[in-house]
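Notes follow once the structure below has been shown.
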Amino acid sequence: MFATVKWIIMVLAVALFMRPAFKRTELKYVDGGFGLSFGIGSGLSFLLAWFVCEVTGLPFGTITMVSAFLILALSLNLYSFFRDKETFSNLWSKEELVRFFLGFMAFLILFLFAVWAKSYRGGIDGQTEKYMDFGIMQSIYRQESAWPEDFWFAGEKLNYYFLGLSASVYLSRLSFVDPGYGYNFMLCTLFAMSLLMIFEIVSSLFLVRKGSKVSAYAGGVTGAMCSVLAGNGHYLIFGVFIKLIKKIPKVSVDVKDYWFPDSTVYIGANPEVEDFGKHEFPGYTMILGDLHAHLVNMLWTLPFLAILIDYALRDMSKEKGYRHFINGHIIIMGLLLGLFRGSNFWDFPIYYVIAGGVILFTELSAHGVKVLTFAMVLLKGAVIYAIAYLGTLPFTLQFNKMISGIYLAERHTLFYKMVILWAMPFVASVILVLWIMAERKFSLKKLTRSDLTIIAITLCAIGLVLVPEVIYVKDIYGDDYARFNTMFKLTYQAYILFGMVFGLLLSKLINEKKWKGTAFLSILIIVLSSYTFTSGKVWLYNNKDFGRGISVLGTTLSDANPEKSAIKEACEILLNDGRKNIRIIEAVGGDYKDTNRLSSFTGVPTVEGWPVHEWLWQNSYDPVGARTEEVRDFYEGSDVETKIATLKKYDINYIFVGPTEMENYTVNHELIAGLGESVFETPEGYRLIKVK
């Protein structure tokens, strides 16, 4: 309970004191932009803390994190005060604070609901990538390092887009809670903030268009539901309609029972085809509980959109001199894009292109089709790119990209599957764009800045779906999975943008008193949004694998069976070892299995963890394969000198012989026991040995 209170206080403090960084000249928020303020504030203050620690070598610990936040918050407020006292006064006026705390109350309700739901399955398992996500958080927290040692590849720096998880540790430090709580609190915060931020963006954008408050707020709620809670067309057909048909007596339907992850992999399934793509969406991610890069980055992509929209709505014809290229909006967008490079790289090109499209449309509206107009757009793009590059330069210089080129797609989505998945958002997008165009008599010159912004974002959403049908980015996966990652990362952002399209469309329907259309769309959205609640019931409420609670380790290791008891005892010993940089040796795991739990739960680096993940991170299987054999030889071999050499090579402090080790290897217990002192030993032969 106390940990929850501390986290809530941290969220309030970040959102409240980082408000001067939230540039808003055109959009007005009914809740003071609470969610967007937190998103921008958390991103910028984390980026400062991380950059300073990485460049100077300062510990990525609580004192540094709190100091960085306080310094930035104080500096921003002082700068705001001396630059424009009237704006600063308005920011802290009674009316603005009332709106702000309205947003805080909305967040609090959503957050506490998420905490309650998550407490039914607070633990983690190896079925997806929770071990990876939690292990990275634990390693950053334990090592107090801006760039941690790879907890699944001892002795090497982590080569992954880890800044989102590093930011989760940063917020945990600010809250004075450990990752055992911070992991789930971050998930719950992302759920609440995503709903709140999308509501803020959609409702404020419609209010700019002189729409009624009722229609704007209804559209905001709709956009939030569609982007964060809703399933897709596959869920509507297989998870709702066919499920209902199966309940009709004497009606037989030869379709397998619906399972909520099915809606994310329909491209290559039911029936199976040799084109395994993924089209995940936030509703699924929220339920699953992986604190993955694409989910964490929503905390910053949504504020980026808000800043971009606010910038596009400005009268650019009045901008003079260098302010046309260097201003608060441009700087914040550049810094957030830079953060994307290290948190979820795919979002960097996606939102860079979206920004380019929106700025191009609005510049053409302000200055006309001229060479100078295109030159200004290119120059703005160059400035934003430069800021993004410099903002995370230490990351960019050290990170080895995990791709090997862009290729033309040889496989394409079957047409009927494309229709099932994307017909609804495509139709909604076409209706919205044509409606806007019709209002302006299909005259491009009559389109307003808000018209152009909506059209640009809508076209970008459609483009994100179509791009994987044309090209893909190649990684380590085989031909059948060639488009998997490209489709996954692009369509994930498309779902979010399409959710906003649905919200704006409903706002227009209500504003124009189109009640039949309003009723139809409202019912459709409610049915689609049931995905989160039906899936949540199956995955969270009906959970039988873990005890109740919000602490990751407290619930994951709550079972008293011998295997978990041994792992729990070993974890407690490692967590209580005061040294930051210790290492262990444990069995090489199997990806997506309950293996490498000791390194994951404690953040202590092991010689090798999940091999396929390391294959991707190391850009080669050779070093991974070599370590696999080293570990096997260590547990099974009969040469003591070879074992000692392995311990020295990787500077191992502890040897673990647990369930996975005894299952995977013919363990030479006698020789291994002689390499150190057994800290604990169970009747089943499980033991943790402290190396001499």
The lone exception for Thr301 - which of (1) surrounded by fewer than 20 Cβ atoms within 10 Å (Cβ to Cβ); (2) within 23 Å of the chain's Cα centre (by Cα); (3) among the β-branched types (Val, Ile, Thr) it fails:
(1)
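So that you can scan it fast, the table gives a plain yes or no per residue for (1) basic (Lys, Arg); (2) modelled with pLDDT of 90 or more; (3) closer than 30 Å to Ser166 by Cα:
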position: Ala312; (1), (2), (3): no, yes, no
position: Arg341; (1), (2), (3): yes, yes, yes
position: Val358; (1), (2), (3): no, yes, no
position: Thr362; (1), (2), (3): no, no, no
How many of the residues making up the range 500-524 are surrounded by 14 or more Cβ atoms within 10 Å (Cβ to Cβ) and not in a helix (DSSP H, G or I)?
2
Subset of the range 389-417, residues farther than 17 Å from Tyr160 by Cα and under 25 Å from the mean Cα position of the chain (by Cα), comes to Tyr389, Leu390, Gly391, Gly405, Ile406
Condition broken by Ile198, with the remaining ones in (1) out of contact with any Lys or Arg (no Cβ under 9 Å at 6 or more places or on another chain); (2) without any contact (Cβ under 8 Å) to a residue 40 or more places away in the chain satisfied:
(2)
Filtered residues of the range 571-595 (kept if over 18 Å from His613 (Cα atoms), in a loop (DSSP other than H, G, I, E, B) and of a type outside the set (Gly, Ala, Ser))
Asp577, Arg579, Lys580, Asn581, Ile582, Arg583
Residues to consider are Val427, Val371; find the one that is exposed (fewer than 12 other Cβ atoms within 10 Å of the Cβ), under 30 Å from His279 (Cβ atoms) and without any contact (Cβ under 8 Å) to a residue 40 or more places away in the chain.
Val427
From the list Thr128, Thr64, pick out the single residue that is assigned to a loop (DSSP other than H, G, I, E, B) and closer than 22 Å to Pro179 by Cβ.
Thr128
Out of all the residues in the range 586-599, is one or more surrounded by fewer than 17 Cβ atoms within 10 Å (Cβ to Cβ) and touching a Ser or Thr at 6+ places or on another chain (Cβ under 8 Å)?
yes
Check Gly547 against each of (1) modelled with pLDDT under 90; (2) surrounded by fewer than 16 Cβ atoms within 10 Å (Cβ to Cβ); (3) touching an Asp or Glu at 6+ places or on another chain (Cβ under 8 Å) and name the one condition it does not meet.
(2)
Of (1) within 24 Å of Tyr29 (Cα to Cα); (2) surrounded by 24 or more Cβ atoms within 10 Å (Cβ to Cβ); (3) not hydroxyl-bearing (Ser, Thr, Tyr), Leu313 satisfies all except one. Which?
(2)
Does the range 478-499 include one or more residues that are assigned by TED's automatic domain parsing to the domain that holds Thr285, of a type in the set (D, E, K, R) and surrounded by fewer than 16 Cβ atoms within 10 Å (Cβ to Cβ)?
yes
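Kindly establish whether Asp651 is charged (D, E, K, R), on the phi > 0 side of the Ramachandran plot and surrounded by fewer than 20 Cβ atoms within 10 Å (Cβ to Cβ). Full working, then the answer.
Working: charged (D, E, K, R): yes; on the phi > 0 side of the Ramachandran plot: yes; surrounded by fewer than 20 Cβ atoms within 10 Å (Cβ to Cβ): yes.
The answer is yes for Asp651.
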Matching residues in the range 187-230 - criterion: being at pLDDT below 95 and either touching a His at 6+ places or on another chain (Cβ under 6 Å) or not in a helix (DSSP H, G or I) (or both)
Arg209, Lys210, Gly211, Ser212
Tally, over the range 45-59, of residues that are of a type outside the set (Ser, Thr, Tyr) and surrounded by fewer than 24 Cβ atoms within 10 Å (Cβ to Cβ)
9
Any chance the range 575-583 includes a residue that's more than 25 Å from Lys692 (Cα to Cα), surrounded by fewer than 19 Cβ atoms within 10 Å (Cβ to Cβ) and under 30 Å from the mean Cα position of the chain (by Cα)?
no
Report, ordered by the first and then the second residue, all pairs with beta carbons closer than 7 Å, sequence separation of six or more or different chains, a first member in the range 71-99 that is surrounded by fewer than 12 Cβ atoms within 10 Å (Cβ to Cβ), and a second member that is part of a helix (DSSP H, G or I) and not polar (S, T, N, Q).
Asn90/Glu96
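When you go through Tyr654, Tyr635, Tyr650 one by one, which is the residue that is at pLDDT 95 or above, under 15 Å from Glu586 (Cβ atoms) and touching a strand residue (DSSP E or B) at 6+ places or on another chain (Cβ under 6 Å)?
On the way: Tyr635 fails: touching a strand residue (DSSP E or B) at 6+ places or on another chain (Cβ under 6 Å); Tyr650 fails: touching a strand residue (DSSP E or B) at 6+ places or on another chain (Cβ under 6 Å).
None of the other options fit; the residue is Tyr654.
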Is at least one residue of the range 68-76 within 17 Å of Gly391 (Cβ to Cβ), touching a helix residue (DSSP H, G or I) at 6+ places or on another chain (Cβ under 7 Å) and outside any helix (DSSP H, G or I)?
no
Go through (1) modelled with pLDDT of 95 or more; (2) touching a strand residue (DSSP E or B) at 6+ places or on another chain (Cβ under 9 Å); (3) not aromatic (Phe, Trp, Tyr) for Ile406 and report which single condition fails.
(1)
Could you grab me the full set of residues in the range 28-83 that are touching an Asp or Glu at 6+ places or on another chain (Cβ under 8 Å) and of a type in the set (Gly, Ala, Ser)?
Gly32, Gly33, Gly35, Gly61
Against the definition (in the same structural domain as Gly35 (by TED's automatic domain parsing), part of a helix (DSSP H, G or I), of a type in the set (Val, Ile, Thr) and closer than 30 Å to Ala114 by Cα), how does Ile307 come out, yes or no?
yes
Collect the residues in the range 552-570 that are crowded, with 22+ Cβ neighbours inside 10 Å and at pLDDT 85 or above, keeping them in residue-number order.
Val552, Ala566, Ile567, Ala570
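Considering only the range 330-346, state which residues are assigned to a helix (DSSP H, G or I) and farther than 16 Å from Gln398 by Cα. Lay out the reasoning, then the answer.
Looking only at the range 330-346, we keep the residues that are assigned to a helix (DSSP H, G or I), and these are 330-343.
Correct list: Ile330, Ile331, Ile332, Met333, Gly334, Leu335, Leu336, Leu337.
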Go through the residues of the range 525-536 one by one and say whether even a single one is touching a residue at least 24 places away in the same chain (Cβ under 8 Å), within 18 Å of the chain's Cα centre (by Cα), surrounded by 22 or more Cβ atoms within 10 Å (Cβ to Cβ) and closer than 23 Å to Cys188 by Cα.
yes
Residues that are in contact with a His (Cβ under 8 Å, 6 or more places away or on another chain) and closer than 30 Å to Lys28 by Cβ, drawn from the range 269-307
Ile307
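Regarding the range 138-147, can at least one residue be identified that is on the phi > 0 side of the Ramachandran plot and part of a loop (DSSP other than H, G, I, E, B)?
yes
Which one of Gly321, Gly289 is closer than 30 Å to Ala386 by Cα and out of contact with any Asp or Glu (no Cβ under 7 Å at 6 or more places or on another chain)?
Sole residue among the options that is closer than 30 Å to Ala386 by Cα and out of contact with any Asp or Glu (no Cβ under 7 Å at 6 or more places or on another chain): Gly321.
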Selection within the range 244-277 - in a helix (DSSP H, G or I) and either in the same structural domain as Ile471 (by TED's automatic domain parsing) or surrounded by 11 or more Cβ atoms within 10 Å (Cβ to Cβ) (or both):
Ile245, Lys246, Phe260, Pro261, Asp262, Ser263, Thr264, Tyr266, Ile267, Gly268
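The values are calculated or read from the model by the stated rules, or taken from the named source; none is laboratory data. A quick note: this is a predicted structure, and the numbers were derived from the prediction, not measured. In this analysis, Cβ positions are derived from the backbone assuming ideal geometry, glycine residues included, and neighbour counts consider all displayed protein chains.
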